[in-house]
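Worksheet: the structure to be examined is printed underneath.
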Amino acid sequence: MNALDEDDLIIALEKALPEIAEDHQAAATPWSPHDWVPWDDGRNFAFLGGDDWDPSQATLSDEARAGSLALLLTKDNLPSYHRVLAKHFPAFSDWRQLVGVWTAEDNRHAIVLRDYLVVKRAIDPVDSEERRREHVTKGYRQNTAAEGELGPLDVLAMMAVHENQCVHFIKRLSAVVGDDVYQQILTKISNDDRVQGETFAAFLNAGLVADQDTTVLALDKALARNEAIGSDIDDFEPEWALISDYENADTRQATAATIVDAIKLESVHGLGDDAEAARQRILALAGRG
């Protein structure tokens, strides 16, 4: 089967949009960030007559702080991920059921994380704000060469991998967080990411129907990129040293296995030589080879 051009591929994927959007709505759990912030623990900073942050106020271990900052900055970078998605699936069209809903859901992650961490004085708010501006300004794949590498199925595969990476990252972070409220916040975020990962995998399923070779090749590329959470933050070396093993062979295998199961990759047949080689690489990575 010949590969579809991008316009025909998006039209084919759009046929699956209503059912996938309905399934996502049924699986997603609404929640409000403000409910999970312990506002009574907060106090003013010097600008309003209080005390500015100093390291003695930190309520997290160095590892937990590094992991929290990596997750926060990744979630802060939402506008960049939105632009990557919206390039192929414009949010002003019916695709707002994917792009718009995902953006609205994911936005609350940065909101609740920043509010909690600042109220609890768990991180330096000046440092985190400076890092936010730098990281969001740099963006994610916001250059012509990087964007040009990503077709519609590449973007969907990338997001399926990314959401599952977040799930595993949060599991590691939760293990070093002692505060019960913060653990519940992380659980809320992880549950969202898991459902979003399932939604993007559902679109990969639709891709297999429309153009299975291109879909398998896209997933293979997305898994091979190995863009770990936090690895793209500038001047982050001391923090990265504490969390660099949050993504490892086990988490990469688990991410691949989740998507392999979701799209039933083991039962896909009739691929071209390149796509079949990619399928075998994916299955081997998932521990199914």
Once both labels are modelled 7 Å past Cα along the beta-carbon direction, what's the GLN280-ASN107 spacing in nm?
4.7
Which distance in nm do the two modelled labels at SER93 and ASP23 give, with both placed 7 Å along the Cα-to-Cβ direction?
2.1
Return the FRET efficiency for the residue pair ASP5, GLN57: r is the Cβ-Cβ distance, R0 is 35 Å, and the value is rounded to the nearest 0.05.
0.05
Relative contact order for the chain: what percent, with Cα pairs under 8 Å and sequence separation of 6 or more?
25
For the stretch 34-50, in order, what is each residue's ³J(HN,Hα) by Karplus, 6.51 cos²θ - 1.76 cosθ + 1.60 with θ = phi - 60°, in whole Hz (x at glycine and Pro)?
5, 5, 9, 9, x, 4, 4, 7, x, 7, 5, 8, 4, 4, 10, x, x
Is there a pair in LYS138/LYS221; LYS15/LYS221; LYS75/LYS188 whose C-alpha atoms are over 19 Å apart, and which pairs would that be?
LYS138/LYS221; LYS15/LYS221
Got the relative contact order for the stretch 104-214 handy, in percent, Cα pairs under 8 Å and 6 or more residues apart?
33
Can you figure out the FRET efficiency of ASP261 with ASP180, using R₀ = 25 Å and their beta-carbon distance, to the nearest 0.05?
0.20
Run the simple label-point estimate for GLU227 and ASN191 please: 7 Å along Cα→C-beta, distance reported in nm.
2.8
In the neighbourhood of SER80 defined by beta carbon distances under 9 Å, the net charge of the other residues (Lys, Arg +1; Asp, Glu -1) is +3
Which log10 I(q)/I(0) values, to two decimals, does the chain give at q = 0.16 Å⁻¹ under the Debye formula with one point per Cα?
-1.30
Fewest-first ranking of ASP115, ASP5, using other Cβ atoms within 10 Å as the exposure measure
ASP5, ASP115
From the phi angles alone, apply the Karplus equation (6.51, -1.76, 1.60; θ = phi - 60°) to the stretch 253-267 and give each ³J(HN,Hα) in whole Hz, x where the residue is Gly or Pro.
5, 5, 4, 4, 5, 4, 6, 4, 5, 5, 9, 6, 5, 5, 9
In the neighborhood of ILE189, defined by Cβ-to-Cβ distances under 14 Å, what is the net charge if each Lys or Arg adds +1 and each Asp or Glu adds -1?
-1
For the stretch 163-176, in residue order, the Karplus 3J(HN,Hα) values (coefficients 6.51, -1.76, 1.60; θ = phi - 60°; whole Hz; Gly and Pro = x) are 5, 5, 4, 4, 4, 6, 4, 5, 4, 5, 5, 4, 5, 10
How do LYS188, LYS87 rank when sorted from fewest to most other Cβ atoms within 10 Å of their own Cβ?
LYS87, LYS188
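Every read-out reported here was derived from the displayed coordinates using simple, explicitly stated rules and does not represent laboratory data. The shown structure was predicted, so the numbers you read here are calculated from the model rather than taken from an experiment. Counting neighbours? That spans all protein chains shown, and the Cβs are built from the backbone with ideal geometry, glycine included.
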